[in-house]
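Colleague: Quick one: the structure is below, questions incoming.
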Amino acid sequence: MTTPVNVTVTGAAGQIGYALLFRIASGQLLGEDVPVKLRLLEIPQAVKAAEGTAMELDDCAFPLLKGIDIFDNPEAGFDGANIGLLVGARPRTKGMERSDLLAANGGIFGPQGRAINDKAADDIRVLVVGNPANTNAYIAAASAPDVPADRFTAMMRLDHNRAISQLATKLDADVTDIKKMTVWGNHSADQHPDVSYTTVAGKPALDLVDEAWLADYFVPTVAKRGAAIIEARGASSAASAANAAIDHIYDWVNGTPEGDWVTPGIASDGSYGVPEGLVFGFPATAEGGEWKIVQGLDLSETTKAGIQRNIDALVEERDEIKAMGIL
Ligand code: NAD
Ligand code: LMR
């Protein structure tokens, strides 16, 4: 029998965790022939709720689920982990400044990065979902000096999927007809959704929509979708976030389809002028378990400005955490 893949999920008792765990256990994260063992990491107060979710997972009798363990400390939770889905984070609460949020999350992602460094399997691949996802991934990567930085990624796939959906709706197209969407930068309202190279059933998207629609509707709608969902649902996106996490890891491990690319948040190698190490949304393909940034794209002035805005925002966050002594 194939050895099960150890998947550690933090924040397992939260709403994304609830939408994610059953899909992992059913084989949608890695493939329908890949057995998994779940390692759920929570804070002590939420362990009981995680136990309840584990009981439900048991009750599904998933053929691929070969075990569930629950932990309240990162060293144990990441021991032997092959995949880490870092969902648990400190949400912004009333009266909290951005620096407070960064400090609180530094206190989570620093220790988790160190635990991954010391305890995870050699092939560990990490997706950070918890916000601010790009900077949290940067903190975790910087806290794990023995793990290659490219194993730490941040979730931009929800933004990517949102952009595809908006364009498909506008053009009355099928989502599967849309290829080569990109969302540059940070998972925040600064992000830059970009259809410069997107095709719709083989035709350039730029021939099908006008600039005013892109600037006045498409970009702000995609960039502010998270806030619009919070406003409508009274809670942040959960099932769509879990779905994007599944898409990200599935593609990373199994490869992206020929002739298309997707958007992961990955450590910059300096491509497109993004400072090395910043975790940034890039157009990328995956092959053999590695992300490769799509190279050689000519960028419009609008795209260049969008990338620069995101570099500025992420450099500011990076400098703030350094000034606070988190790294
Ligand atoms: P939630 O509040 O329902 O659940 C979070 C869970 O994390 C809780 O159960 C909490 O106990 C746990 N947790 C907190 N600190 C922890 C720690 N140190 N170790 C382990 N677990 C810990 O939140 P949610 O709706 O599931 O969202 C989780 C995160 O994902 C939030 O930060 C949210 O903003 C973010 N998010 C990101 C995206 C994206 O596209 N990147 C999309 C949606 C939500
Ligand atoms: C989203 O994009 O849906 C979330 O990141 C929003 C949030 O702030 O949790």
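Colleague: List the strands (runs of 3 or more DSSP E) inside the stretch 241-312, counting only whole elements, that have at least 1 residues being free of Cβ contacts under 8 Å to residues at least 40 places away in the same chain, among the hydrophobic types (A, V, I, L, M, F, W, C) and in the same structural domain as LYS179 (by TED's automatic domain parsing).
Modeller: Qualifying strands (runs of 3 or more DSSP E): 284-287, 290-293.
Colleague: Can you name the number of the only condition in (1) crowded, with 23+ Cβ neighbours inside 10 Å; (2) within 16 Å of ligand 2 (Cβ to nearest atom) that GLN15 fails?
Modeller: With respect to (1) crowded, with 23+ Cβ neighbours inside 10 Å; (2) within 16 Å of ligand 2 (Cβ to nearest atom), GLN15 is out only on (1).
Colleague: Please go through the stretch 220-230 and pick out each residue that is away from ligand 1 (no atom under 14 Å from the Cβ) and either free of Cβ contacts under 8 Å to residues at least 40 places away in the same chain or under 17 Å from the mean Cα position of the chain (by Cα) (or both).
Modeller: Once the filter is applied, which keeps residues that are away from ligand 1 (no atom under 14 Å from the Cβ) and either free of Cβ contacts under 8 Å to residues at least 40 places away in the same chain or under 17 Å from the mean Cα position of the chain (by Cα) (or both), the stretch 220-230 yields only PRO220.
Colleague: Taking into account only those residues within the stretch 105-158 that are surrounded by fewer than 21 Cβ atoms within 10 Å (Cβ to Cβ), more than 9 Å from ligand 1 (Cβ to nearest atom) and not charged (D, E, K, R), which is nearest to the chain's Cα centre (by Cα)?
Modeller: Taking the candidates together, the pick is ALA149.
Colleague: Going by the structure shown, is MET155 among the hydrophobic types (A, V, I, L, M, F, W, C), at pLDDT 95 or above and under 16 Å from GLY84 (Cα atoms)?
Modeller: Judged against the criteria, MET155 is a match.
Colleague: Still on this structure, I have one more. Among the listed residues PRO204, PRO193, which satisfies the condition of being within 22 Å of the chain's Cα centre (by Cα) and either modelled with pLDDT of 95 or more or within 16 Å of ligand 1 (Cβ to nearest atom) (or both)?
Modeller: PRO193
Colleague: So if I check each of LEU101, LEU86, LEU41, LEU64, which one is away from ligand 1 (no atom under 15 Å from the Cβ) and surrounded by 15 or more Cβ atoms within 10 Å (Cβ to Cβ)?
Modeller: Within the list LEU101, LEU86, LEU41, LEU64, the selection yields LEU64.
Colleague: Given the conditions (1) outside any helix (DSSP H, G or I); (2) more than 24 Å from SER236 (Cα to Cα), and given that MET55 satisfies all but one, which numbered condition is not satisfied?
Modeller: All conditions pass for MET55, except number (1).
Colleague: Determine which member of the set ALA49, ALA81, ALA120, ALA89 is touching a residue at least 40 places away in the same chain (Cβ under 8 Å), over 19 Å from PRO4 (Cα atoms) and aliphatic (A, V, I, L, M).
Modeller: ALA89
Colleague: Okay, moving on. For the stretch 82-92, state whether one or more residues are farther than 24 Å from GLU317 by Cβ and outside the structural domain of ALA245 (by TED's automatic domain parsing).
Modeller: There is at least one residue in the stretch 82-92 that is farther than 24 Å from GLU317 by Cβ and outside the structural domain of ALA245 (by TED's automatic domain parsing).
Colleague: Still on this structure, please answer the following. Restricting attention to the stretch 172-209, which residues are assigned to a strand (DSSP E or B), surrounded by fewer than 15 Cβ atoms within 10 Å (Cβ to Cβ) and of a type in the set (D, E, K, R)?
Modeller: Passing the criteria: only LYS203.
Colleague: Looking only at the stretch 81-88, decide whether some residue is more than 16 Å from ligand 2 (Cβ to nearest atom) and out of contact with any helix residue (DSSP H, G or I) (no Cβ under 9 Å at 6 or more places or on another chain).
Modeller: Yes: the stretch 81-88 contains one or more residues that are more than 16 Å from ligand 2 (Cβ to nearest atom) and out of contact with any helix residue (DSSP H, G or I) (no Cβ under 9 Å at 6 or more places or on another chain).
Colleague: Which of the residues spanning the stretch 19-40 are free of Cβ contacts under 8 Å to residues at least 40 places away in the same chain and either among the polar types (S, T, N, Q) or not in a helix (DSSP H, G or I) (or both)?
Modeller: Within the stretch 19-40, SER26, GLY27, GLU32, ASP33, VAL34, PRO35, VAL36, LYS37, LEU38, LEU40 qualify.
The values are calculated or read from the model by the stated rules, or taken from the named source; none is laboratory data. Small disclaimer: the values here were computed from a predicted structure and weren't measured. Ideal geometry is used to build each Cβ from the backbone, glycine not excepted, and the neighbour counts take in all protein chains shown.
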